[in-house]
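The values are calculated or read from the model by the stated rules, or taken from the named source; none is laboratory data. Remember, it's a predicted structure, so these values are computed and weren't measured experimentally. Glycine gets a Cβ as well: all are built from the backbone with ideal geometry, and neighbour counts include every protein chain shown.
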Amino acid sequence: MLWLALKTLFHERGRLIITLTGIIFSTVLTLAQVSMYLGKMGNATGVIRHIDADIWIMSKNVQNFDFANPFPEERISKVRAIPDVVWADRLILTWGFLKLAAGGQEQVQIIGFNPDTGVGAPWTMISGQPSDVKGGRYMIMDRTSEKRLGQLLPGSVWELNQVQFKLAGISEGTRSFTTAPVIFMGYNQAHRFMTAIVREDQTTYIVAKLRDPAKTGETIRALQAVMKDNDILSKRDFIKKTVLYWTVQTGIGMGFFLTALLGLIVGGAIVGQTVYANTMEHLREFGTLKALGARNSDLYKVIFSQVGISAVAGFSVGSLFVLLLRSGIEKAGVALYLHPLLFVALFFIVLSTCFLSAYFSVRKIRTLDPVTVFRA
Amino acid sequence: MSDMAPILKAIEVGKVYGEGDNSIVAVDSITLGLSKGEILVIMGPSGSGKTTLLSIMGCILHPTRGEVIIDNRRISGLSEDELPDIRKKYFGFVFQAFNLFPSLTAIENVELVLRLKKTPKALIRPKAAELLEKVGLGRRTVFYPSDLSGGEKQRVAFARALAGDPPILLADEPTANLDSKTGMEVLRLLREMAEKDNKAVVIVSHDPKAEALAHRVVFIEDGRLRS
């Protein structure tokens, strides 16, 4: 029956093109939306994911990584006192204004990390080393922010909140959810930007690595008992909290979800409509097949083969289209998360949508009276 | 001429559409037998129940009452799932509107039935070509139905009906869409099939030419056989 499905499908090229257009549209829209959403969530959780810590300690009611609140940094001693903690370090997340060479200024996200341990440092460097920020007013900027900040030249001097910093290195792939450029510097230097508004002995995060990650829950409970004014989360829970905040509380996730769903619905409707119109137009042929001894299952095979082939072809073209557009989209500052697993998952979603859209055709076939073949 | 033992028997078959006051009796208690090599022509006015009777005989339509027996096998009791195999094994159909697949060439239309009948792959193409040769279309095998004349289309339909060598051919108004000369040729072809290949042939027709070549003619009116 695959033979007949192919023959019929390619005989009617106009209808095939309409079907493929629907699937390509659906694939591009859904893939773009989902990969953009995942890219944004990747940006929002990038620092959390790349720090090899099991536990994150933060001020009470911090909703996501970008909106940190200060708390006394001496609490790190309570963390280090737990026997299962291998190491604990502080991390500052704050904000500043970077003066641009072309005039004006840009708000930037500042991450202050310990250059001796490298905990919280950028994970990919294309120039210099994270430890290069040690011992003075040095900073690392990310190549993805070059478009907004201007050319990043190692050794160039920038003014951040009226304090001059030398560019010691350039990182790659660090973006914030808010799209503000990310700047890394030594913990002590970052402190000056935070203490402009809070007390000197404050920090925003303490991160800790455990000897046995299986004891994360137990350690969190022990810490919570002595640090009642802090939230203590596992790495996984902090990622989840950050993702949920941006997805649910801001409605951003719903926006992406609805657009992706719209893509699937419109694509599915186009496929369903063309497949159904095709079935209606070929009812006599389906009836003839029944009269000639074909079973309903044989006829379903024809319809599902056609839908399946269209879905594979449409999804492939749509995916290729997104891959071709990828660098252009990313140059515009939008991160796309295009993991092979995403393609696999979306393929099955698109395929299921196409199969689902063939439901009315299958129902029509099931109830088709082969006597229709005798009508002139 | 014909073997005496009927290959197909319709016993007291009837078909009623609808229920109660709105019911319509399409076929009313008809008994017919058909033997191998025999050509039976069913004639009657439009709406008399000819096609319904043909559908019942071809196991396409379940009768409301009565029995259909093919090759000594009672068909009426079979489930919907079992009927496709019966149709595949015993029947070849020829339709008034040819019912060829426009996306398939002449030879592919014939191959379709051979594929449905699970003919070994290597035999499909030669067998289909042989059947088209038999109906005089050996040189038109790769033509699509849209490129064939009405008579040629009906010949392809004959070749398709013969594919898989069914013992019974059912033809519904096979000459209705053809001119007189082509219609005559088609009918001669049917007779040749019945006689040479010992097929049982049922033709539903208005065409007096069909009557001329039949071994037996029955008239049907208001769903009943006219004596």
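Is at least one residue of region A:316-335 within 27 Å of the chain's Cα centre (by Cα), outside any helix (DSSP H, G or I) and surrounded by 14 or more Cβ atoms within 10 Å (Cβ to Cβ)?
Yes, because at least one residue in region A:316-335 is within 27 Å of the chain's Cα centre (by Cα), outside any helix (DSSP H, G or I) and surrounded by 14 or more Cβ atoms within 10 Å (Cβ to Cβ).
Among the residues of region A:128-166, how many are surrounded by fewer than 18 Cβ atoms within 10 Å (Cβ to Cβ) and within 31 Å of the chain's Cα centre (by Cα)?
Residues flagged as surrounded by fewer than 18 Cβ atoms within 10 Å (Cβ to Cβ) and within 31 Å of the chain's Cα centre (by Cα) within region A:128-166 amount to 10.
Mind checking whether some residue in region B:62-70 is out of contact with any strand residue (DSSP E or B) (no Cβ under 6 Å at 6 or more places or on another chain), buried (at least 16 other Cβ atoms within 10 Å of the Cβ) and in contact (Cβ under 8 Å) with a residue 24 or more places away in the chain?
Among the residues of region B:62-70, not one is out of contact with any strand residue (DSSP E or B) (no Cβ under 6 Å at 6 or more places or on another chain), buried (at least 16 other Cβ atoms within 10 Å of the Cβ) and in contact (Cβ under 8 Å) with a residue 24 or more places away in the chain, which makes the answer no.
Of all residues being among the charged types (D, E, K, R) and not in a loop (DSSP other than H, G, I, E, B) in region B:97-126, which is farthest from the other protein chains (Cβ to nearest Cβ)? Just the residue, please.
Among those that are among the charged types (D, E, K, R) and not in a loop (DSSP other than H, G, I, E, B), it is B:Arg125.
Grab the strands (runs of 3 or more DSSP E) fully contained in region B:3-96, keeping just those with 1 or more residues being more than 23 Å from A:Arg295 (Cα to Cα) and basic (Lys, Arg).
On the way: elements: B:6-17, B:24-35, B:39-43, B:65-70, B:91-94.
Fully inside region B:3-96 and qualifying: B:6-17, B:65-70.
Got a number for residues in region A:6-55 being touching a helix residue (DSSP H, G or I) at 6+ places or on another chain (Cβ under 9 Å) and within 14 Å of chain B (Cβ to nearest Cβ)?
So the answer is 8.
Criterion first (more than 16 Å from A:Leu4 (Cα to Cα) and modelled with pLDDT of 90 or more) does A:Ser305 satisfy it?
Answer is no for this residue.
Filter region A:189-223 down to residues that are among the small types (Gly, Ala, Ser) and part of a helix (DSSP H, G or I) and give me whichever is farthest from the chain's Cα centre (by Cα).
Just the residues of region A:189-223 that are among the small types (Gly, Ala, Ser), to begin with: A:190, A:196, A:208, A:214, A:217, A:222.
Of the ones still in play, those that are also part of a helix (DSSP H, G or I) are A:190, A:214, A:217, A:222.
On the way: A:Ala190: 28, A:Ala214: 27, A:Gly217: 27, A:Ala222: 33 Å.
Top of the filtered list is A:Ala222.
Out of region A:240-280, which residues are aromatic (Phe, Trp, Tyr) and in the same structural domain as A:Thr353 (by TED's automatic domain parsing)?
Those that are aromatic (Phe, Trp, Tyr) and in the same structural domain as A:Thr353 (by TED's automatic domain parsing): A:Phe256, A:Phe257, A:Tyr276.
Kindly indicate the residue of region B:135-147 that is more than 17 Å from A:Phe10 (Cα to Cα) and in contact with a helix residue (DSSP H, G or I) (Cβ under 7 Å, 6 or more places away or on another chain) and also nearest to the other protein chains (Cβ to nearest Cβ) among those meeting that condition.
Restricting to residues being more than 17 Å from A:Phe10 (Cα to Cα) and in contact with a helix residue (DSSP H, G or I) (Cβ under 7 Å, 6 or more places away or on another chain), the top hit is B:Thr141.
Against the condition farther than 17 Å from A:Lys290 by Cα, among the hydrophobic types (A, V, I, L, M, F, W, C) and touching an Asp or Glu at 6+ places or on another chain (Cβ under 8 Å), how does B:Ile107 come out, does it pass?
So B:Ile107 fails the test.
Just wondering, is there one or more residues in region A:130-145 that are closer than 15 Å to A:Gly173 by Cα, free of Cβ contacts under 8 Å to residues at least 40 places away in the same chain and not hydrophobic (A, V, I, L, M, F, W, C)?
yes
Would you mind stating whether A:Thr250 is modelled with pLDDT under 90, among the polar types (S, T, N, Q) and either at positive phi or surrounded by 14 or more Cβ atoms within 10 Å (Cβ to Cβ) (or both)? Walk me through it before giving the result.
Numbers: modelled with pLDDT under 90: yes; among the polar types (S, T, N, Q): yes; either at positive phi or surrounded by 14 or more Cβ atoms within 10 Å (Cβ to Cβ) (or both): no.
No; evaluated as a whole, the condition is false for this residue.
Determine the pairs where a residue that is within 25 Å of B:Ile168 (Cβ to Cβ) and within 9 Å of another protein chain (Cβ to nearest Cβ), located within region A:277-292, has a partner that is surrounded by fewer than 24 Cβ atoms within 10 Å (Cβ to Cβ) and among the acidic types (Asp, Glu) with Cβ atoms under 8 Å apart, the partner being 6 or more residues away or on another chain.
Listed by first residue and then by second, the contacts come to A:Gly287/A:Asp369; A:Leu289/A:Asp298.
Have a look at A:Ala291, A:Ala311 and point out the one that is of a type in the set (A, V, I, L, M), touching a strand residue (DSSP E or B) at 6+ places or on another chain (Cβ under 7 Å) and buried (at least 21 other Cβ atoms within 10 Å of the Cβ).
Just one listed residue meets the conditions, A:Ala291.
Filter region A:111-127 down to the residues that are more than 26 Å from the chain's Cα centre (by Cα) and either among the charged types (D, E, K, R) or surrounded by fewer than 16 Cβ atoms within 10 Å (Cβ to Cβ) (or both) and list them by number.
A:Asp116, A:Thr117
Is it the case that region A:7-20 has a residue that's among the small types (Gly, Ala, Ser) and either in contact (Cβ under 8 Å) with a residue 60 or more places away in the chain or surrounded by 15 or more Cβ atoms within 10 Å (Cβ to Cβ) (or both)?
No, there is no match, as no residue in region A:7-20 is among the small types (Gly, Ala, Ser) and either in contact (Cβ under 8 Å) with a residue 60 or more places away in the chain or surrounded by 15 or more Cβ atoms within 10 Å (Cβ to Cβ) (or both).
Would you call A:Phe97 without any contact (Cβ under 8 Å) to a residue 12 or more places away in the chain and either assigned to a strand (DSSP E or B) or surrounded by fewer than 23 Cβ atoms within 10 Å (Cβ to Cβ) (or both)?
When the stated conditions are applied, A:Phe97 does not pass them.
Table: residues versus (1) within 17 Å of the chain's Cα centre (by Cα); (2) outside any helix (DSSP H, G or I); (3) more than 14 Å from every other protein chain (Cβ to nearest Cβ).
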position: B:Glu152; (1), (2), (3): no, no, yes
position: B:Met193; (1), (2), (3): yes, no, yes
position: B:Val202; (1), (2), (3): yes, yes, no
position: B:Ala210; (1), (2), (3): yes, no, yes
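Residues in region A:78-92: is at least one small (Gly, Ala, Ser) and assigned to a strand (DSSP E or B)?
We begin by selecting, within region A:78-92, every residue small (Gly, Ala, Ser); these are A:81, A:88.
The next check asks that each one be assigned to a strand (DSSP E or B); those that pass are A:88.
Checked region A:78-92: at least one residue is small (Gly, Ala, Ser) and assigned to a strand (DSSP E or B).
Just the residues that are part of a helix (DSSP H, G or I) and modelled with pLDDT under 80, please, taken from region A:336-376.
Passing the criteria: A:Pro370, A:Val371, A:Thr372, A:Val373, A:Phe374.
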